Amino acid sequence: MALERSQTAHTGRITDAERRAWEEDGFFLRKAVFAADEIREFGDAAERCVARIHDALLGANERYAIDGNVYHEAGGSTVQLEHQPGSRTIRVIEPFHHLDERLNALIDDARLVEPMRDLVRSERVALFTDKLNLKRPREGSRFRWHQDSPYWAHFADELDRLPNVLVTLDDANEENGCFRVIRGSHRKGMLPGLEGEGRLGPLFTDPRAFDAADEVACTAPAGSLVFFSPHTVHGSQPNHSDTRRRALVITYQPGGRRMFKVDAKREAGEAGAG
Ligand SMILES: O=C(O)CCC(=O)C(=O)O
């Protein structure tokens, strides 16, 4: 399905067309918001985070497996490794903001915070959580269809005030596993999960609960932003290409509230960590 209705090149508060896309589609895309030198800085910073986590994995850390997927609590983050048995490749780091100053500063960038004031429905916004998703060439695995709201339902009261923004760190296309959404799937709130598929199954959305014909592949150049609702069904395919596909996913909330994985408050914007 074509993207046109949900994409703009705007950088400030959200436009009327974006508001309509948010309400009707559950997402909108802003292409090429960051300049080439900034994108390079973010990519370098992401690799510094990976290096710090690799160091942390060499020290004492808690390791566990759920449904065969390996996780570590290391360096102040939850770290997921790629799924192949014995893989040491890092797939997800949550949170990442404490690992690198450049990425910590990005959380306060007006190009993220200004639209978030509208989506959070508060002039004061704070960080809820932040993830670095790394799809390495040939090894990066899929993200199954899911909503974020069921993960957060036991923690947060106002699920509809937890908007996400995905920042592409590399050009994202169908071959390297670009981000995908199900247009309009946010409108029914939390959808049923999978049954009989292990402990994680209930967190993946039952495909009978949405229409696969509404799938949109968010192909976009590096430095683009996809804003999406916590109820929007989303996921992505494996990286079958020789190019990496890295992305940040940052979730905001009204100011004055504590973060999801860290027992501290992190205001964003002018009042942020600076
Ligand atoms: O990075 C992706 O392609 C998927 C991200 C995602 O589903 C998530 O972080 O919840």
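We did not get these values from a lab; they are worked out from the coordinates using the rules stated. Note that this is a predicted model, so its numbers are computed, not measured. Cβ atoms come from the backbone with ideal geometry, glycine included; neighbour counts cover every protein chain shown.
Residue exposure proxy: 260, 34, ordered by other Cβ atoms within 10 angstrom of their Cβ from fewest to most, comes out as 260, 34. For the pair region 189-256 and region 112-170, the centres of their Cα atoms are 9 angstrom apart.
Calculated over region 157-274, the projected area of the Cα convex hull averaged across directions stands at 9.4 nm².
What the phi angles of region 145-156 give under the Karplus curve with 6.51, -1.76 and 1.60, with θ = phi - 60°, is a coupling list of 4, 7, 10, 7, 4, x, 5, 9, 4, 8, 10, 10 Hz, glycine and proline written as x. Histogrammed with a bin width of 5 Å, the alpha carbon distances of the chain distribute as 1, 6, 13, 17, 21, 20, 14, 7, 2, 0, 0 percent, first bin at zero.
Which semi-axis lengths, in whole Å and largest first, follow from the square roots of five times the eigenvalues of the Cα gyration tensor of region 94-219? Let's see the in-between values first.
Working: eigenvalues 124, 84, 47 Å².
Square roots of five times the eigenvalues give 25, 20, 15 Å.
Going from the residue with the fewest nearby Cβ atoms within 10 Å to the one with the most, 136, 40 rank 40, 136.
Size descriptors for region 36-155: radius of gyration and Dmax over Cα atoms are 15.8, 46 Å. About the centre of its Cα atoms, region 68-161 shows a dipole size close to 540 debye [charges on the beta carbon of Lys, Arg (+1) and Asp, Glu (-1) only; nearest 20 debye].
When the listed pairs 131/188; 188/265; 135/188; 131/265 are checked against a 28 Å cut-off, the alpha-carbon distance exceeds it for 188/265; 135/188.
Highest mean packing comes first when the peptides 102-111, 199-208 are listed by Cβ atoms within 10 Å, giving 102-111, 199-208.
Label zone of residue 154 (point 7 Å out along Cα→Cβ, amide N under 20 Å): in region 194-218 this covers 194-206.
Using mean Cβ contacts within 10 Å as the protection proxy, how do 166-177, 85-96 order, highest first?
Packing order, densest peptide first, comes out as 166-177, 85-96.
Taking region 109-132 and a reference point 7 angstrom along Cα→Cβ of residue 261, the backbone N atoms nearer than 17 Å belong to 127-132. Distance distribution P(r), region 209-269, all Cα-Cα pairs, bin width 10 angstrom from 0: 14, 37, 32, 17, 1 percent. Sparsely packed loop sites in region 95-161 (the GluC sites (Glu not before Pro) outside DSSP H, G, I, E and B with at most 10 other Cβ atoms within 10 Å) comprise 123.
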